[in-house]
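The values are calculated or read from the model by the stated rules, or taken from the named source; none is laboratory data. None of these values were measured; they are calculated from a predicted model. Virtual Cβ from ideal backbone geometry, glycine too; neighbours counted across all protein chains shown. Accessible surface is based on the protein model in full, side chains and every heavy atom, while ligands, DNA and RNA are left aside. Shrake-Rupley method; radii C 1.70, N 1.55, O 1.52, S 1.80 Å.
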2 protein chains.
Amino acid sequence: MTRQELIQQIREKKTFLCVGLDTDINKIPQHLKDADDPIFTFNKAIIDATAPYCVAFKPNLAFYECYGVEGWIAFEKTIKYLQENYPHHLIIADAKRGDIGNTSKMYARCFFEQLNIDALTVAPYMGEDSVTPFLGYEGKWVVLLALTSNKGSQDFQFTQDADGMPLFEKVLRKSQEWATDEQMMYVVGATQGRMFEDIRKIAPTSFLLVPGIGAQGGSLEEVCKYGMTDDCGLIVNSSRAIIYADSSERFAEVAAEKAKEVQMQMEALLRPL
Amino acid sequence: MTRQELIQQIREKKTFLCVGLDTDINKIPQHLKDADDPIFTFNKAIIDATAPYCVAFKPNLAFYECYGVEGWIAFEKTIKYLQENYPHHLIIADAKRGDIGNTSKMYARCFFEQLNIDALTVAPYMGEDSVTPFLGYEGKWVVLLALTSNKGSQDFQFTQDADGMPLFEKVLRKSQEWATDEQMMYVVGATQGRMFEDIRKIAPTSFLLVPGIGAQGGSLEEVCKYGMTDDCGLIVNSSRAIIYADSSERFAEVAAEKAKEVQMQMEALLRPL
């Protein structure tokens with residue numbers, strides 16, 4: 001999906017919500033656990049229920065890999081279901097991959113060629129040649145970790161160099177030499193709301209994928225106030241607060257209600273064209 | 001595998017070689033491509049041929065994931081084959097994972113519980129809570145990226161803070177507050193040979209997993225001169241230079257010869273007890 005297509009989807013659907021498919025077998029409704037493929041069955045219901053209120057879906061690979069081959073089957077089925085039924089939703093594989101050049105190339109083949117996924121989260125620690133193999137696929141995106149939403153983000157991401165530039169800022173600056181805002185987005189956690197002001201000085205037009213709203217406590221209003229651009233420039237993710245909002249047989253219905261609530265907040269916050 | 005068991009294996013077998021199972025279908029011998037499961041068939045032959053000369057095997061997940069479900073099946077079969085036939089070899093899953101706490105926990109379950117693998121490479125960018133969920137499994141290891149062997153390591157890993165401390169050094173120092181040298185090793189690339197002198201000042205007793213010998217050009221002598229401890233403290237990886245040394249029907253035999261050459265160099269470099 002190109003940048004223009006993404007912006008158009010946001011405008012048409014009046015939402016920039018991403019639903020995180022962090023599907024944990026221990027948290028899905030009891031009555032689904034006897035299904036043939038409980039993870040896919042849960043995902044399918046959540047996708048159908050929330051698709052009208054979001055522009056993206058983001059399965060986190062950890063939640064699939066932890067079931068080995070069965071998990072990968074559920075992951076691939078989920079991707080295929082999305083591609084066949086919701087071709088205008090952005091699919092982000094949250095995998096946080098990154099390795100030396102020839103190995104990153106293998107990951108790129110996996111996610112962009114074999115699975116034909118739109119976007120992949122990538123870790124920056126290994127530098128340029130660990131990231132660039134993911135670029136150059138038409139309409140595909142690298143979503144580079146810049147400032148994450150977890151407590152551990154304090155450990156290294158804020159380390160300042162001799163000129164006072166924190167590491168996450170160096171990642172933002174340097175990586176923009178590798179890719180345009182049509183190829184690369186950044187992960188910036190919502191729990192650091194005011195930071196968006198600084199980030200927009202460094203990456204004024206890039207799309208930002210924002211986790212940390214909902215269960216992790218970030219404020220949507222603050223993120224929009226400091227981070228939104230004329231093209232929106234934001235994809236805000238919510239996982240647990242939507243997909244596990246209810247554990248009864250009404251789980252999908254309640255997930256839809258929660259997603260719709262967020263969509264309505266987003267509609268009010270989106271700037272007019 | 002505990003630290004003591006690892007040291008004992010190194011002493012007994014007079015080697016600290018790790019064979020990297022970066023198995024690329026495009027690089028394996030032509031005659032194997034028609035096998036039922038060419039990747040596993042290749043791995044099995046390489047493992048049987050090189051096991052006498054190494055203490056560890058390190059499959060890189062990228063090379064398996066890129067074939068989706070089939071790749072995961074080959075990966076799991078390889079792990080199972082190793083566990084059943086070579087229980088005294090350390091198995092390192094080179095996955096470079098790392099995510100927010102509850103997600104890292106899922107990866108830990110995948111690699112340490114479900115697959116019962118001995119060690120996992122982990123990326124440090126997201127800090128403490130992305131790493132600690134992998135700790136606390138008896139006899140299991142986190143292998144944290146510190147200084148990698150690729151060109152891109154220059155981009156962020158050498159960034160100095162206000163006190164002149166480069167990022168990789170901060171990663172080494174900080175992470176030793178989270179784990180002992182019985183729980184954590186570090187990836188330190190061989191292409192930065194002289195750097196081992198500095199690294200041993202910061203992590204005097206930790207095991208270091210050293211890629212970059214062979215195809216990437218690092219020097220084994222230099223690594224040992226500056227990086228070896230009384231307990232050896234090194235696991236040196238070689239992938240391409242061993243597993244793709246020959247592409248005829250003699251590939252496994254030639255791989256064994258190459259591994260034996262390295263083992264003999266290592267035997268000469270190992271300090272007497």
Between helix A:38-50 and chain A: long-axis angle, C-alpha atoms, 0 to 90°, nearest 10: 70
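Determine the sum of side-chain charges near residue B:11: Lys and Arg each +1, Asp and Glu each -1, restricted to other residues whose C-beta is under 13 angstrom from that of residue B:11. Could you put the intermediate results ahead of the total?
On the way: positive: B:3, B:13, B:14, B:271; negative: B:5, B:12, B:230, B:231, B:267.
Charge balance near residue B:11 sits at -1.
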Student exercise, the protein assembly as shown dipole from Lys, Arg, Asp, Glu Cβ charges, in Debye to nearest 20: 440
For residue A:35, label point 7 Å along C-beta direction: distances to other copies, nm: 3.8
Inter-copy spacing of residue A:11 label points, which lie 7 Å from Cα along Cα→Cβ, given in nm from shortest upward: 7.2
Beta bridge orientation in segment B:156-273: antiparallel %, DSSP, nearest 5: 25
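Provide the per residue accessible area, probe 1.4 Å, for chain A, rounded to a whole number of square angstrom.
Numbers: 10010 Å² over 273 residues.
About 37 Å² of surface per residue is accessible.
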Contact order relative to length of segment A:200-273, as percent, for alpha carbon pairs under 8 angstrom and 6 or more apart: 29
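What fraction of the DSSP beta bridges in segment B:105-197 is antiparallel, stated in percent and rounded to the nearest 5?
Details: 1 of 10 bridges.
Here the antiparallel bridges make up roughly 10 percent for segment B:105-197.
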Segment A:165-198 versus segment B:1-35: alpha-carbon centroid distance in Å: 39
Per-residue ³J(HN,Hα) for segment B:22-30, Karplus 6.51 cos²θ - 1.76 cosθ + 1.60, θ = phi - 60°, Hz, x for Gly and Pro: 8, 8, 10, 4, 6, 10, 7, x, 3
Bins of 5 Å from zero: percent of alpha-carbon pairs in chain B: 1, 6, 13, 18, 20, 18, 13, 8, 3, 1, 0, 0
Relative contact order (%) - chain B, alpha-carbon pairs under 8 angstrom, separation at least six: 22
Per-selection Rg to Rh, segment A:1-100 - Cα, Kirkwood hydrodynamic radius: 0.99
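Could you work out the relative contact order of segment A:61-216? I mean the mean sequence separation of Cα pairs under 8 Å and 6+ apart, divided by the number of residues, in percent.
Values: 223 pairs, mean separation 26.5, N = 156.
Rounded, it is 17 percent for segment A:61-216.
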Mean-position separation - Cα centroids, segment A:200-273 and segment A:56-79, in angstrom: 23
Dipole of the protein assembly as shown, positive end: most advanced residue of A:56, B:190, B:83 [Cβ charges, Cα centre]: B:190
GNM result for chain A, Cα springs below 10 Å: residue of A:46, A:213, A:202 fluctuating most strongly: A:202
Computed log₁₀ I(q)/I(0) - Debye formula, equal Cα scatterers, no solvent, segment A:35-158, q 0.14, 0.22 Å⁻¹: -0.66, -1.30
Charge dipole (segment A:112-184, unit charges on Cβ, about Cα centre) - positive-most of A:149, A:171, A:136: A:149
Chain A: most fluctuating residue of A:167, A:147, A:21 per GNM, C-alpha cutoff 10 Å: A:167
Nearest-20 debye value, chain B charge dipole, Cβ charges on Lys, Arg, Asp, Glu: 280
Cross-link table A:170/B:170; A:174/B:105; A:174/B:174, entries beyond 27 Å C-alpha to C-alpha: A:174/B:105
GNM result for chain A, Cα springs below 10 Å: residue of A:191, A:180, A:148 fluctuating most strongly: A:180
Candidate lysines for bridging to residue B:260, where Cα separation is under 20 Å - those fewer than 8 sequence places away on the same chain excluded: B:13, B:14, B:44, B:58
Nearest-20 debye value, segment A:183-273 charge dipole, Cβ charges on Lys, Arg, Asp, Glu: 240
Distances in nm from residue B:76 to the matching label points in the other copies, shortest first (labels 7 Å along Cα to Cβ): 1.2
Positive minus negative residues near residue A:145 (Lys, Arg vs Asp, Glu; Cβ under 11 Å): 0
For the protein assembly as shown, share of DSSP beta bridges that run antiparallel, in % to the nearest 5: 10
Value of [θ]222 nm, deg cm²/dmol, for the protein assembly as shown, DSSP H segments ≥ 4, -39500 (n - 2.57) each, nearest 500: -11500 deg cm²/dmol
Nearest 10 degrees, 0 to 90: helix B:3-13 Cα axis against chain B principal axis: 50
